[in-house]
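Note sheet for the following structure.
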Amino acid sequence: MDSHGAPPSGNVHGREGGVDAAAAVLQALREYATSEAATRRSSRDSMGMGETDLLALRYLLRAEAIGERVGPKDLSRVLGITTASTTSLIDRLVASGNVRREPHPTDRRSLVIVPTIATDSDVRAALGQMHRRMMDVAESMSADEARVVISFLHRMGSAMRDHRP
């Protein structure tokens, strides 16, 4: 294995070379997915929240960073959950001090959901080191390598979506 956990490049060949390259790629993808799932579980546990709660916070923090306002309907849509589940989610996040409900600045009938400053710090502490290590790996790639990886991941995502029942 090299410093990034990949097999040495000489060990992955087409079928005629011994090791099946496609099988090696899929195995590496599975190993990454397993590592990511374990890391996400650890992050959720350290923050004392569930998967959907952490996904909601990450979405809210990204939206806030670009000046986007997020309402309950936006969270429902992005997370793929019902409005009742969204209400429960927001109630939990408000009770834990992670978000605030605020009046929408231009629509008196609507609310926006805003992450607290403490939440930004907590998420950065829980995910910051992992994100930095991931960025280091991504930044070490050449532009050509990045294009290949991006294309592969987009095609793999399409293959997964096309398989859904």
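Quick note: the coordinates plus some simple rules give every number you see, no bench work behind them. Quantities reported herein were computed from a predicted structural model and do not represent experimental measurements. Using ideal geometry, Cβ is built from the backbone for each residue, glycine included, and neighbour counts are taken over all protein chains shown.
Quick one: helix 21-47 against the long Cα principal axis of the chain, what's the angle to the nearest 10°, folded into 0 to 90?
For helix 21-47, the angle is close to 30 degrees.
Helix 83-95 versus the longest principal axis of the chain: what angle, 0 to 90°, nearest 10, using Cα atoms?
That works out to roughly 80 degrees.
Treat each spin label as a single point 7 Å out from the Cα along the C-beta direction, and report the M134 to R100 distance in nm.
2.9 nm
Given labels modelled 7 Å from the Cα in the Cβ direction, how far is it in nm from T39 to L26?
2.4 nm
Once the Cβ-Cβ distance between T87 and D144 is put in as r, and R0 is 45 Å, what FRET efficiency do you end up with, to the nearest 0.05?
Computed FRET efficiency for T87 and D144 comes out at 0.45.
Which of rounded, prolate or oblate describes the stretch 99-162 when judged by the alpha-carbon gyration tensor and an a/c cut-off of 1.5?
Because a/c hits 1.5 or more and a/b fails to exceed b/c, the stretch 99-162 counts as oblate.
Which one of S158, G71, Q129 has its Cα pushed farthest toward the positive end of the charge dipole of the stretch 36-165, where Lys and Arg give +1 and Asp and Glu give -1 at the Cβ?
G71
Per residue, what volume in Å³ does the Cα convex hull of the stretch 62-139 take up?
Taking only Cα atoms, the stretch 62-139 has a hull volume of 115 Å³ per residue.
Springs between alpha-carbon pairs under 10 angstrom, Gaussian network model over the chain: which of E36, E145, E64 fluctuates most?
E145
Over the chain, consider all pairs of different Cα atoms and compute the Kirkwood hydrodynamic radius from their mean reciprocal separation; express it in Å, one decimal.
18.8 Å is the Kirkwood radius here.
Whole-Hz ³J(HN,Hα) for each residue in the stretch 139-152, computed from phi via Karplus 6.51 cos²θ - 1.76 cosθ + 1.60 with θ = phi - 60°, x for glycine and proline: what do you get?
6, 7, 7, 6, 4, 5, 4, 4, 4, 5, 5, 4, 4, 4
So, with +1 on the Cβ of K and R and -1 on the Cβ of D and E, and no other charges, what is the size of the charge dipole of the chain about its Cα centre, to the nearest 20 debye?
That gives a dipole near 660 debye.
Whose amide H sits under 5 Å from the amide H of L111, counting only residues 5 or more places off or on another chain, with H placed in the peptide plane?
Those lying under 5 Å, H to H, from L111 are H104.
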